[in-house]
Amino acid sequence: MDPTTAACGPQMPSPTTLSNPSTPWMMSPGVFQRVQSVQTNDSYKKCEITSNDPEWAFIQTYFTSHSPVNRHIGRVYCIHNGASTRQFEALIPSLEEEAKQSAFTPKWRDEEDFALRQKVNDRWKGMTAPYSPFVVQGSNPRNYTNVKILPLWHGTKSAICDSVCKTGFTSFGKHALIQGATSPGQNTDIGYFGSGIYFTNSARYAADIYSDGNLLLAWVSMREPYPVVANCEYPNKPKDMIKLEGLGHYENYNAHHIPVISVNPANKKCAIYYPCTANQQAALDEIVVFQKTQALTRFWIELEVTH
């Protein structure tokens, strides 16, 4: 796997197309005015993004870099939840300070498969580079360099999109699935790479595997994540999957990064993706985070079938 090669994977969009590239989750003035004028009893407001808004080019570029099969963007809504925004921004200074402390120093450099983990880490650095450093606006704005942010996709159902916009992302315990209960409750899978909140840089993966025609695009913050790798190929289960599956965050990390490849690349609908070995090229990336305030939903995208 060559982390510097993204020819077959998604390309991260440049924030320069946005009106506030140093604080890329901020809305452009026109969108902000429209969303503020919305009258609603919900805990969030939304307004439709048009092709005249700078956000449109950012979303469209990202979407088409790894677009779904036979589906295109129908409508895009900007989401504004004041409480979620404040919580997202309030966490960032804490993450920045944590990253400076020895207790949070990543330990993957002392683990086996060091060279491959280094490649995964370099890949993550390349993904986050366009958005670093960034600024949190306020009475005392400052640059953040240790904590990183990424725009990432999450595919799900319309009703869940509404719930996320109201109260933020969350994850549910995996006890029932681990214990083999006949009714798994809120969960649909055990979580190959940890019991957390899953995102991807691939609109195709999020839409074709997990969505009923709805995507959320969120800004996600993290310290340096745990680089997940494979010491063997499918159908064997890599050691990292065995130690992470269904469990919480690994050691002192608040995120896991997994460059993945389909176990059946010929089938675009294949829902099973494994970490890459040293000889495999990643098709896309998954990011798992473990605190709901690490993610801020900014856009709700409704897809339409392409005839």
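The heavy atoms of Arg298 offer some 10 square angstrom of accessible surface to a 1.4 angstrom probe.
Using every pair of separate Cα atoms, the Kirkwood estimate puts the hydrodynamic radius of region 25-74 at 12.6 angstrom.
Ile242 contributes about 110 Å² of solvent-accessible surface, heavy atoms of the protein only, 1.4 Å probe.
In the chain the Cα-Cα distances spread across 20 Å bins starting at 0 as 33, 60, 7 percent of all pairs. Reported to the nearest whole Å, the Cα centre-to-centre distance from region 68-146 to region 234-253 is 21.
Once the Cα-Cα distance is subtracted from the 0.36 nm per residue extended length, the Asn267 to Leu247 segment shows a gain of 4.3 nm. Ranking Tyr192, Tyr210 from most to least accessible surface, computed with a 1.4 Å probe over the protein chains only, gives Tyr210, Tyr192. Both radii were evaluated on the Cα set of region 71-113; the Rg over Rh quotient, with Rh as the Kirkwood radius, amounts to 1.28. When the alpha carbon gyration tensor of region 46-95 is reduced to an equivalent ellipsoid, its three semi-axes come out at 27, 15, 10 angstrom, largest first.
Kindly state, to the nearest 0.05, the FRET efficiency for Ala83 paired with Gln281, given R0 = 41 Å and r defined as their beta-carbon distance.
On the way: r = 41 Å, r/R0 = 1.01.
So the FRET efficiency works out to roughly 0.50.
Annotation: aspartates and glutamates with alpha-carbon distance below 14 angstrom to Lys269 (same-chain offsets under eight excluded): Asp208, Asp212.
Once you've got the GNM for the chain with C-alpha springs shorter than 10 Å, pick whichever of Cys47, Cys276, Cys232 has the biggest mean-square fluctuation. Per the Cα network of the chain with a 10 Å cutoff, Cys232 tops the list. With N the number of residues in region 99-158, Rg(Cα) / (2.2 N^0.38 Å) evaluates to 1.48. For the chain, the share of accessible area belonging to carbon and sulfur comes to 50 percent (1.4 Å probe, ligands and nucleic acids excluded). So which of Lys100/Lys292; Lys237/Lys292; Lys157/Lys268 end up more than 24 Å apart by C-alpha? Beyond 24 Å between Cα atoms: Lys237/Lys292. Restricting the trypsin sites (Lys or Arg not before Pro) of region 26-108 to loop positions (DSSP other than H, G, I, E, B) with no more than 15 neighbouring Cβ atoms within 10 Å leaves Lys107. Looking at the square roots a ≥ b ≥ c of the eigenvalues of the Cα gyration tensor of region 193-307, which shape do they give, rounded for a/c under 1.5, prolate if a/b is larger than b/c, or oblate? Since a/c reaches 1.5 but b/c is at least a/b, the shape of region 193-307 is classed as oblate. Take the chain with all the other protein chains still there, run a 1.4 Å probe, and you get 45 Å² of accessible area per residue. Against the criterion of solvent-accessible heavy-atom surface with a 1.4 angstrom probe, His257, His249 sort, most first, into His249, His257.
Given the protein chains as shown and a 1.4 Å probe, how many square angstrom of Phe104 are accessible, to the nearest 10? Surface accessible to solvent at Phe104 totals approximately 60 Å².
Distance between the 7 Å Cα→Cβ label points at Ile160 and Val135: 3.7 nm. Neighbours of Tyr205, meaning other residues whose beta-carbon lies under 10 angstrom from its beta-carbon, give a summed charge of -1 when Lys and Arg score +1 and Asp and Glu score -1.
Could you state the orientation-averaged shadow area of the convex hull built on the Cα atoms of region 19-174, in nm² to one decimal? Show your work: numbers first, answer last.
Values: hull surface 51.0 nm².
Its Cα hull, projected and averaged over all orientations, spans 12.7 nm².
Projected over all directions and averaged, the alpha-carbon convex hull of region 1-98 occupies 9.1 nm². The slack between Gln11 and Thr61, meaning 0.36 nm per residue of separation minus the straight C-alpha distance, is 17.1 nm.
Suppose accessible area is computed on protein heavy atoms with a 1.4 Å probe; arrange Ser158, Ser84 from highest to lowest.
Numbers: Ser158 50, Ser84 25 Å².
Descending order: Ser158, Ser84.
The values are calculated or read from the model by the stated rules, or taken from the named source; none is laboratory data. This is a predicted model, so every value here is computed, not measured. So basically every Cβ, Gly included, is an ideal-geometry build from the backbone, and we count neighbours across all protein chains shown. With ligands, DNA and RNA removed, areas are computed over all heavy atoms of the protein, side chains included. Shrake-Rupley method; radii C 1.70, N 1.55, O 1.52, S 1.80 Å.
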